Amino acid sequence: MDEKYFPEKIEEKWQQRWADERAFEARQDDPRPKFYALEMLPYPSGFLHMGHVRNYAIGDALAWYKRLRGFNVLHPIGWDSFGQPAEQAAIKRGVQPRDWTEENIAHMEGQMRRLGISYDWSRVIAAHRPDYYKWDQWFFLKMLEMGLAYKRKSAVNWCPKEETVLSNEQSSGGVCWRCGTAVTKKEIEQWFLRTTKYAEQLVADIEEIESGWPAKVIKRQRDWVGRSEGAYIDFKVKDSDEKIRVFTTRIDTIYGATAVVIAAEHPILSGLLEESGLKEQVRQFAQKIKTARAIKTEDQSAEEEKLGMNTGRLAVNPFNGELIPIWVANYVLMDYGAGAVMSVPAHDERDFEFAQKYTLPIRQVIASVVHGQQDEPETQAPGGDQSIEMKNAFTEYGVLVNSGQWSGKLSADAIRDMAQYAQEKSFGGGAVTYRIRDWGISRQRFWGAPIPVVYCPKCGMVPVPEKDLPVMLPDKAEFTGTGESPLKTVPEFVNTTCPKCGEAATRETDTMDTFVDSSWYFFRYCDPRNEAMPFDPEIAAHWTPVDQYIGGDSHAVMHLIYMRFWTKVMRDLGLVKFNEPVKRLLTQGMVTNRVEGTNEYKAMSKSLGNGVDPDEMIEAFGADATRLFVLFAAPVENELRWSETGIEGAVRFLRRVWTMVYKWRPGSAGILPAHGAEGMQAGSLRSQEFSDAARALRRKTHQTIARVTADFEKLDLNTNVAALMELLNAIGEFNVEPSTASDSDAVAVREAIDAMVIMLTPFSPHIAEEMWEALGHSDGLLKSAPWPVADAELAQKDELEIPVQVNGKLRSRVVVAPDISEADLRELALADSRVQSFIDGQKVVKVIVVPQRLVNVVVK
RNA sequence: GCGAAAGUGGCGGAAUUGGCAGACGCGCCAGACUUAGGAUCUGGUACCGAAAGGUGUGGGGGUUCGAGUCCCCCCUUUCGCACCA
């Protein structure tokens, strides 16, 4: 250990040492309890950014903490290495996606090693390598067998800028998740995975993870699946055998239905129009809506104006036999519920707005039950079936009125009873719908896992047999940028023979969505070189589920839904035995920086020019300080504002720690007893043998251990760093020089410094290793050092300073023994001269004594 | 528009969950050491006030001996959803 701290001198040394000793490789046969710490699979863009650094700093702090607590830690890393940027690089710069990707991975691995993240480098996986995507294909075949993968022609979400198909999740909000371009529709044959089959489980199993996941992610998961309980009701079409099925959550409002409204895409429409006098007019109108929907406007935030048209046909309300008009409108969506609704203007805001615009009747059938009254000021009590004046739809539950035999029932009862009635009369019944759609995984792209099926003129679609996997991606293709799969341009790939009949056949040229790769990768880490299976179920059972997952909340819907879905499929395949793959999830906040010339902080980005290069930070301040700052500057889930002076503060702290350790280190100039030296262990000395100052230092040491240990469990890393800074300050305030220190003083310092160094390891491991070695622990790396144990007795104060309030205002303090009786504390507080001066001349009404905490004297 | 979360010094943030508001750090101020300092060290730093003391956790009300913390209303910000029947 040198006198001065130069990070560049020690960081490389320890990184080399860790690599040489393969220090962080997890072993299956390790008998200690396991802990699986996982950060989200990174895309190999070429450069690490500060968001990565934050992600890995958090994950590594936890991995180190658990390691020091005696867990057998699995902390792996890999690459989400399929995807569009590689192809774009190919188009723009003529490099091959594979070369571009491998170069990026090599560079980023170097950056990760320079950060000193304690990964198990023996388990690295990469999605673009055949030994990985082979298993994507294997899973696809299994899902095909299970009926979970299927092909259909469908209007897909299409990004016109990137010329690619997007999943629903990727086009959330009507814009491309990557480039923000407005998404349009396009009809093509697509492969889907039946996520809808697991809709109920994706909601119900949330219960198992709710306590370990952030509430906002849980909410978004629920919302995305969009479970909705209600009923189907069939409305007969007058003068026809056809029925229109509608879905409603408010069957109790059905007597208020004044129209049936269907989506423009509804298949029944053209049949209805055959008998309608308004045939052409309505047909054109419906076409207009469909076109408008396909070319969504830029401004997605503006609510579209409701447009509708009467088809001229009538439907029969099965509850009361009433004839109501059938309309087509743009506000009814084909892909939700039944693609048709009963319009109840009095009790639904959308229907209300629609009815007002087209002057449809508005009939109240639900009345408020507030205070036992049946009417609200703005909703007059109904009389007959006339339209009434309402300013707004009344959408709350209430009591049914004007609803025949159902009048007088409460909404909740009516919803149950009317659905049952509909079922008995076979025109409907209770039903549950979900908002989630099947997952479209076809991509017309080169750089993805080929979908392993073959099209034979004779046999049709034939799955590639398992033994022929992987279907290898060719080395090269032509990148035309047309939106057609580049694989179509590779005859050696396309032309094959039918696995069934041996005749000439062609391959599927679509590749899989890259979210497939990231849906199960963390199981592969458990058994990364398995050649017979994606992973051995027994090995995976040892490590999974993931104990702590860490990543950005941009993946709160897509990746986490897919991953949960995939796990359930794997469970049904017998590969895993649980429903949910991740016990605890942490969504870290963004890293932002000031935008040049403004006072605004925005996410670091190339276009804004406010990015910070991790390599430059490592060079200027060291990996340890960079990591420490990132963890100290803000709570992990908050936004992190970059600050150059803040990172300087981190270096300053590390330097002070270094100086302190150097000053007290054993050895030539050393004073401290070597670790464990005879008679020099804290435990061998009685507490009376320590000076007051030494006891105070030991108290701080043990309080800090307790605090840091507790905060690690909550992942409150910023307060942990603060606690270590306080401990350092306390060691500094211990006003004894090494040359004059008594044995007991040295023991107290030794204890404090050892604890500080170990607890610093999760934040700044290189400097910790260097200091640990200098402290005489030549017996090995910190990874096998024991986390210090807090001694509650030593952490206990000798005396307490109890604040005394008069009428809730702090007036004085009394110093007392911790075990003082309530009565004595009360007497002492009342006798205090400052307290006396404040209660002088007034009557003491009450004295509240909170043991060990506070006294409040109430006077009048 | 709907929904959720959050508002604490100049800044990032603490506060054992109803009990001393502002830990720790950044910044700033003063001093020391220095040829020098954008290095290092020491001290100070919520606001008003000379002090005694008073005020203070977005604003207003309430519960309580006691409120940053609990309840009600309002304001602001951030995020999510966007016709989901």
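The values are calculated or read from the model by the stated rules, or taken from the named source; none is laboratory data. The model shown is predicted, which means the values in this text are computed figures rather than measured ones. Note that we place each Cβ from the backbone using ideal geometry, even for glycine, and neighbour counts take in every protein chain shown. What goes into the accessible areas is simple: the full protein's heavy atoms, side chains included, and nothing from ligands, DNA or RNA. Shrake-Rupley method; radii C 1.70, N 1.55, O 1.52, S 1.80 Å.
Some observations on this one:
- Nearest-ten-degree value, helix A:215-225 long axis tilted from longest Cα axis of chain A: 20
- Charge context of A:A540, other residues only, Cβ under 12 angstrom, K/R +1, D/E -1: +1
- Potential extension, A:K185-A:A831 segment - 0.36 nm per residue separation minus Cα distance: 224.4 nm
- Signed unit charges on C-beta, dipole axis of chain A, positive-most listed residue A:N392, A:A315, A:P465: A:A315
- Charge dipole magnitude, Cβ of K and R +1, D and E -1 - segment A:796-860, Cα centre, debye nearest 20: 480
- Anisotropy class of segment A:98-244 from Cα gyration tensor, a/c 1.5 cut: prolate
- Reachable lysines, given that their alpha-carbon falls under 18 Å from the alpha-carbon of A:K357 and they are not under 8 places away in the same chain: A:K306, A:K391
- Sulfur and carbon atoms: percent of accessible area, chain A [1.4 Å]: 48
- Counted by Cβ distance under 14 Å from A:K783, the other residues give a net charge of -2, where Lys and Arg count +1 and Asp and Glu count -1.
- Per residue, chain A exposes 44 Å² of solvent-accessible protein surface, assessed with a 1.4 angstrom probe and all protein chains in place.
- Förster radius 22 Å - calculated FRET efficiency between A:E304 and A:R227, Cβ distance, rounded to 0.05: 0.30
- Taken along the Cα-to-beta-carbon direction at a fixed 7 Å, the label points for A:D536 and A:E478 span 4.8 nm.
- Between the residues A:C456, A:T489, A:G404, the greatest Cα displacement towards the positive end of the dipole of segment A:390-532, with unit charges on the Cβ of Lys, Arg, Asp and Glu, is found for A:G404.
- Total charge dipole magnitude, chain A, about the Cα centre, Cβ charges on Lys, Arg, Asp, Glu only, Debye to nearest 20: 1020
- Stretchable slack from A:K238 to A:S778, in nm (0.36 nm times residue separation minus alpha-carbon distance): 185.3 nm
- Set of segment A:555-571 residues, backbone N closer than 19 Å to the point 7 Å along the Cα-Cβ line of A:M146: A:559-571
- Low-density loop positions, GluC sites (Glu not before Pro), segment A:539-620 - DSSP coil, at most 16 other Cβ in 10 Å: A:E596, A:E600
- Taking the helices alone, chain A has a mean residue ellipticity at 222 nm of -11000 deg cm²/dmol, built from -39,500 (n - 2.57) per DSSP H run of at least 4 residues and averaged over all its residues.
- In summary, segment A:691-814 shows an alpha-carbon radius of gyration equal to 1.22 times the 2.2 N^0.38 Å reference for compact globular proteins.
- FRET efficiency estimate (nearest 0.05) - Cβ-Cβ, A:R435 to A:N807, R0 41 angstrom: 0.15
- Were the residues from A:F578 through A:F47 laid out at 0.36 nm apart, the gain over their Cα-Cα distance would be 187.5 nm.
- Percentage relative contact order, chain A, counting C-alpha pairs under 8 Å, at least six apart: 14
- Computed over chain A, the P(r) curve from all C-alpha pair distances, binned at 10 Å from the origin, holds 2, 10, 16, 17, 16, 14, 12, 8, 4, 1, 0 percent per bin.
- Global geometry of segment A:12-161, whether rounded, prolate or oblate, following the gyration tensor of its Cα atoms and the 1.5 cut on a/c: oblate
- Distance from segment A:486-534 to segment A:628-647 (C-alpha centre basis), Å: 43
- Taken about its Cα centre, segment A:170-326 carries a charge dipole of roughly 360 debye when the Cβ of each Lys and Arg holds +1 and the Cβ of each Asp and Glu holds -1.
- Prolate/oblate/rounded call for segment A:210-355, Cα gyration tensor, a/c under 1.5 rounded: oblate
- Cross-link partners of A:K13 among lysines, defined as those whose alpha carbon lies under 18 angstrom from its own and excluding same-chain residues fewer than eight positions apart: A:K4, A:K783.
- Nearest-0.05 FRET efficiency for A:R594 and A:Q28, computed from C-beta distance (R0 56 Å): 0.75
- Neighbours of A:F734, meaning other residues whose beta-carbon lies under 12 angstrom from its beta-carbon, give a summed charge of +1 when Lys and Arg score +1 and Asp and Glu score -1.
- Cα→Cβ-extended label distance, 7 Å offset, between A:E619 and A:Q281, nm: 7.4
- Cα Rg, Dmax, segment A:564-633, angstrom units: 19.7, 58
- Look at the dipole of chain A built from charges on Cβ: of A:V246, A:S554, A:V95, the Cα furthest out on the positive end belongs to A:V246.
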